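Before any comments, here is the structure.
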C-alpha cells in the first residue's frame, strides 16, 4: 500500500512539473524569435525600440523562472544586442547588466546553449572599453572564450565568437580554424532563430578567406 501511495505522489509531482517546463519553453521560444527578428530583420531606431521592449520581457522571464539558466543567458543576449544597437557611451550600463546575467548563467551551467554565455561574455570583454570607462580586457576575453571552447568544442556560437576575436586581432589563420567549426556545427535552436547567425558565419568565413588569399 505504501509503495502505491509513493508511486501516486511521484506521478502527481511529474504532472505538476511538466506544464511548468512547457510554459517556460514556450515563453523562452517567443523571446528568442522576437530577438531574432529585432537582431536580423530590422535596423536603426526600429531595432533599438524592439530590443528595449525585449529587455523588459527578458527581465519578466528571469524573475518568473529564476532557476532556469536560459533566463539569464537570454537576458544577457538581449541586453548585449541592445548595447550593440546603441553603440555609444550610453550602452555601457546595459553591457554591465548583461555581464552580470552572463556570469550568473556560467555559474549555473557553463555548457548551456553550447557555452553561449562564455562566447557572448568573452566578446564583450574584447569590445567594451577598458578601465576606467568599462570592464574591457583583451586578455580576459581570450581566457573566457578559451574556456567556452574547452567546454563545448563544437558549439556554433562559441566558435563564431572566437573566430571573431581572432579576426579583430588580425590573426586570420587562427580565425579560420574556428569559423570552419562554426560552419559545421549544429545550431542549439531552430534555424528560424539562428538563420541570421549562420549568415554571419558565412560572411565572416568569406572575409577570412579573402584575407588569407
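Read-outs throughout are calculated quantities, based only on the coordinates presented, and are distinct from any laboratory measurement. Predicted model, so just to flag it, every value in this text is computed and none were measured. FYI the Cβ positions are ideal-geometry reconstructions off the backbone, even for glycines, and counts take in every protein chain you see.
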Classify the range 97-151: rounded, prolate or oblate, from the alpha-carbon gyration tensor (a ≥ b ≥ c, eigenvalue square roots; a/c under 1.5 rounded; otherwise prolate if a/b is larger than b/c)? oblate
Shape metrics for the range 80-191, restricted to C-alpha atoms - Rg then Dmax, Å: 13.6, 40
FRET efficiency, residue 213 to residue 186 (Cβ-Cβ, R0 22 Å, nearest 0.05): 0.15
Measure nothing but the geometry: give the 0 to 90° angle between the long axis through the Cα atoms of 138-151 and the longest principal axis through the Cα atoms of the chain, rounded to 10°. 50 degrees
Provide, in order from the shortest bin, the percent of all Cα-Cα pairs of the chain in each 10 Å bin, continuing until the bin that contains the maximum pair distance. 9, 31, 35, 15, 6, 3, 1, 0
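Using Cα pairs under 8 angstrom and six or more residues apart, how large is the relative contact order of the chain, in percent?
Over the chain, the number comes to 13 percent.
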Mean projection area, nm², convex hull over Cα of the range 24-109: 5.1 nm²
Can you give me the C-alpha center-to-center distance between the range 102-149 and the range 31-45, rounded to a whole angstrom? 22 Å
Give me the distance in nm between label points sitting 7 Å out from Cα along the Cα-to-Cβ direction at residue 111 and residue 140, one decimal. 2.7 nm
